[in-house]
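Working notes for the structure below.
The values are calculated or read from the model by the stated rules, or taken from the named source; none is laboratory data. Treat the numbers as computed from the prediction; the structure is a model and nothing was measured. Using ideal geometry, Cβ is built from the backbone for each residue, glycine included, and neighbour counts are taken over all protein chains shown.
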Amino acid sequence: MEENDVVRSLAALAQPIRLRVFRALVVAGPSGLTPGALTETLGVPATGLSFHLKELVHAGLISQERQGRNLICRASFERMNTLLGYLTEHCCEGEACAVDGKAAACGC
């Protein structure tokens, strides 16, 4: 992962509503959520949500897919895992780190 991509991803998450949206999509898993479900779940106005979704798409953290009349938003687990890997690549002074059972069980 390039440094500029890391900065773009972290900048996108450095805003409370976008962080909440991303976390909600992570919890939703591969099935994702519609923007309507996100506005209901998070109490975010629909008018502002599209702006935040666009920023997350631009950062590569979420994807959007049209299914009939619905737009489905999904977290990009691959991008999230790559970002986390980049951030922790040289932790523990370059030694292998033990991963707790909860993180290892994610399987995303």
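Looking at region 18-52 only, could you name the residues that are among the β-branched types (Val, Ile, Thr) and more than 12 Å from the chain's Cα centre (by Cα)? The answer is Thr34, Thr39, Thr41, Val44, Thr47. Working only within region 11-50, note down all residues that are closer than 21 Å to Leu87 by Cα, part of a helix (DSSP H, G or I) and without any contact (Cβ under 8 Å) to a residue 12 or more places away in the chain. Scanning region 11-50 gives Pro16, Leu19, Arg23.
Within region 56-108, if we keep just the residues that are of a type in the set (A, V, I, L, M), under 21 Å from Val27 (Cβ atoms) and at pLDDT below 65, the residue that is surrounded by the most Cβ atoms within 10 Å (Cβ to Cβ) turns out to be Val99. What are the residues in region 39-55 that are crowded, with 16+ Cβ neighbours inside 10 Å and acidic (Asp, Glu), if any? Glu55, the sole residue that qualifies. Which residues, taken from region 68-83, are of a type outside the set (Lys, Arg) and either within 10 Å of Ser9 (Cβ to Cβ) or not in a helix (DSSP H, G or I) (or both)? Result: Gly68, Asn70, Leu71, Ile72, Cys73, Ala75, Ser76, Met80, Thr82, Leu83.
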